[in-house]
Amino acid sequence: MTLDERKKLILESIIKDYVETAEPVGSRAMVKKHGLKISAATVRNEMSDLEDMGYLEQPHTSAGRIPSQKGFRYYVDCMMEQENLDEKETQVLLHLLDDSFQEVNDLVQKIGHFLAQITKYTSFVIIPSVRLSKFKYLQLVPIEPGKALVLLVTDLGVVMHRNIEVPQSITAPEMELIGRMFNQVLAGKKITEIQRSDLQQLRDELKQRRKVIDRTLEAIESLLDNSSEERVIISGALNIMNEPEFKDVDKLKKILAFLEEETQLMGMLPESLGDEVDIRIGQENQSEDFKDLSFVFASYQTQGEQGKMGLMGPVRMEYWKAVGSLDSVRDIIEEIIKKRF
């Protein structure tokens, strides 16, 4: 159903006021605050109509109205203008994402922290599975006699490492040579396609160092086994405690327990996201436990693979800011990854 311009104006005013105060909105206060050129009585009549249509609700204890979840959905779909990061916020983010980080994991943690800080909601950023990536390079770094560090870097900028035992007689130049030869054989290969047979020629050429080659490969296999799934970085988990809707301890415990279970959060994510931002309001979520929560999801591209990110907050969410922040951050992430990795 399409609302006329007056009803749209009143619905938007109520949504903005309710998001700001968490209190029911009365007609007289709304006319005064927004300088509406209609009487409070006219506003009351329009509010009554919007309530009959299901876009507003009237709490028992108040003469004012609050938006219903249907009202929020109409606003998001038909009226909302997103609010992207402003110049100051963009500069803060770019400064945060300077050249100090060396891998995507670091970038993701900083992005998550920034989103939680700028929106005051709980953020989550999902890193694509390492198994979707390609081998970029490997280094063997001597630590002490008999021990070396295997450092594996993928084209997604993910850095993994593991200690291995090596013969005490092996020299740093030998380790460097083995690393170079690994890189010649494996560079550009999909992680899932690496086979022991790929390294047979290398084992034949460096017969005296077969043990080092085998242990390096075992380290790679172990690293991949432990990094095969998508991972989620959560920031601002306690932000939800600042919202008046979640002062109930039992309700809060359920939400915090949910955030501790990565599989539950991953299960809520859309399987595939295009350029559009996906918004789920209250009862649109799968579980009754989340009827007072809203989620906003967006994707980002990294070397052809899709990562995901999102925000969780009350139904009384600044959707315009949440959507605009995710959109802006996505553009910045993709540009940085393109340049650095």
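Could you check, for the range 13-31, whether at least one of its residues is of a type in the set (Ser, Thr, Tyr) and over 29 Å from Lys291 (Cβ atoms)? No: the range 13-31 contains no residue that is of a type in the set (Ser, Thr, Tyr) and over 29 Å from Lys291 (Cβ atoms). Between Leu256, Leu269, Leu202, the distinction of being in the same structural domain as Asp106 (by TED's automatic domain parsing) and at pLDDT below 85 belongs to Leu269 only. Do we have any residue at all in the range 273-286 that's touching a helix residue (DSSP H, G or I) at 6+ places or on another chain (Cβ under 6 Å), at pLDDT 85 or above, surrounded by fewer than 15 Cβ atoms within 10 Å (Cβ to Cβ) and not in a helix (DSSP H, G or I)? Checked against the condition, which is being touching a helix residue (DSSP H, G or I) at 6+ places or on another chain (Cβ under 6 Å), at pLDDT 85 or above, surrounded by fewer than 15 Cβ atoms within 10 Å (Cβ to Cβ) and not in a helix (DSSP H, G or I), the range 273-286 yields no hits at all. Beta carbons closer than 8 Å, at least 6 apart along the sequence or on distinct chains, pair a first residue in the range 163-180 that is in the same structural domain as Leu140 (by TED's automatic domain parsing) and surrounded by 14 or more Cβ atoms within 10 Å (Cβ to Cβ) with a second that is in a helix (DSSP H, G or I) and of a type in the set (Asp, Glu) for Ile164/Glu218.
Of everything in the range 52-82, what is touching a residue at least 12 places away in the same chain (Cβ under 8 Å) and more than 23 Å from Ile279 (Cα to Cα)? Give them in sequence order. Those that are touching a residue at least 12 places away in the same chain (Cβ under 8 Å) and more than 23 Å from Ile279 (Cα to Cα): Gln58, Pro59, Ser62, Ala63, Gly64, Arg65. Scanning the range 38-47 turns up no residue that is assigned to a strand (DSSP E or B) and at pLDDT 95 or above. Assess whether Ile234 counts as being β-branched (Val, Ile, Thr), within 22 Å of Val159 (Cα to Cα) and surrounded by 15 or more Cβ atoms within 10 Å (Cβ to Cβ). The answer is yes for Ile234.
Answer yes or no: is there a residue in the range 202-225 that is of a type outside the set (Val, Ile, Thr), within 30 Å of Ser287 (Cβ to Cβ) and touching a residue at least 24 places away in the same chain (Cβ under 8 Å). Scanning the range 202-225 turns up no residue that is of a type outside the set (Val, Ile, Thr), within 30 Å of Ser287 (Cβ to Cβ) and touching a residue at least 24 places away in the same chain (Cβ under 8 Å). Among the conditions (1) under 26 Å from Asn285 (Cα atoms); (2) part of a helix (DSSP H, G or I); (3) within 22 Å of the chain's Cα centre (by Cα), the only one that Cys78 does not satisfy is (3).
What do you reckon, is Val296 within 25 Å of Leu97 (Cα to Cα) and either assigned to a helix (DSSP H, G or I) or among the small types (Gly, Ala, Ser) (or both)? The answer is no for Val296.
Of everything in the range 3-27 that is touching a helix residue (DSSP H, G or I) at 6+ places or on another chain (Cβ under 7 Å), touching a residue at least 60 places away in the same chain (Cβ under 8 Å) and in a helix (DSSP H, G or I), the residue that is farthest from Tyr319 (Cα to Cα) is Lys8. Scan the range 49-75 for residues that are modelled with pLDDT under 95 and either aliphatic (A, V, I, L, M) or assigned to a helix (DSSP H, G or I) (or both) and the total you get is 1.
Quick grid of which residues meet (1) of a type in the set (Val, Ile, Thr); (2) in the same structural domain as Tyr319 (by TED's automatic domain parsing); (3) more than 29 Å from Leu326 (Cβ to Cβ):
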residue: Tyr18; (1), (2), (3): no, no, no
residue: Ala40; (1), (2), (3): no, no, yes
residue: Glu51; (1), (2), (3): no, no, yes
residue: Lys70; (1), (2), (3): no, no, no
residue: Val92; (1), (2), (3): yes, yes, no
residue: Ala116; (1), (2), (3): no, yes, no
residue: Thr119; (1), (2), (3): yes, yes, no
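Yes/no per residue for (1) touching a Gly at 6+ places or on another chain (Cβ under 8 Å); (2) of a type outside the set (Gly, Ala, Ser); (3) at pLDDT 85 or above:
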residue	(1), (2), (3)
Val104	yes, yes, no
Leu107	yes, yes, no
Ser123	yes, no, yes
Pro145	no, yes, yes
Leu151	no, yes, yes
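Can you name the residue in the range 184-216 that is under 32 Å from the mean Cα position of the chain (by Cα) and assigned to a helix (DSSP H, G or I) and is also farthest from Arg162 (Cα to Cα) among such residues? Lay out the reasoning, then the answer.
Narrowing the range 184-216 to residues under 32 Å from the mean Cα position of the chain (by Cα): 186-194.
Okay, now just the ones that are also assigned to a helix (DSSP H, G or I), so 186, 191-193.
Details: Leu186: 18, Ile191: 17, Thr192: 19, Glu193: 20 Å.
If we take residues in the range 184-216 being under 32 Å from the mean Cα position of the chain (by Cα) and assigned to a helix (DSSP H, G or I), then Glu193 is farthest from Arg162 (Cα to Cα).
The values are calculated or read from the model by the stated rules, or taken from the named source; none is laboratory data. As the structure is a prediction and not an experimental result, all values here were calculated from the model. Positions of Cβ are backbone-derived with ideal geometry, glycine not excepted, and every protein chain shown enters the neighbour counts.
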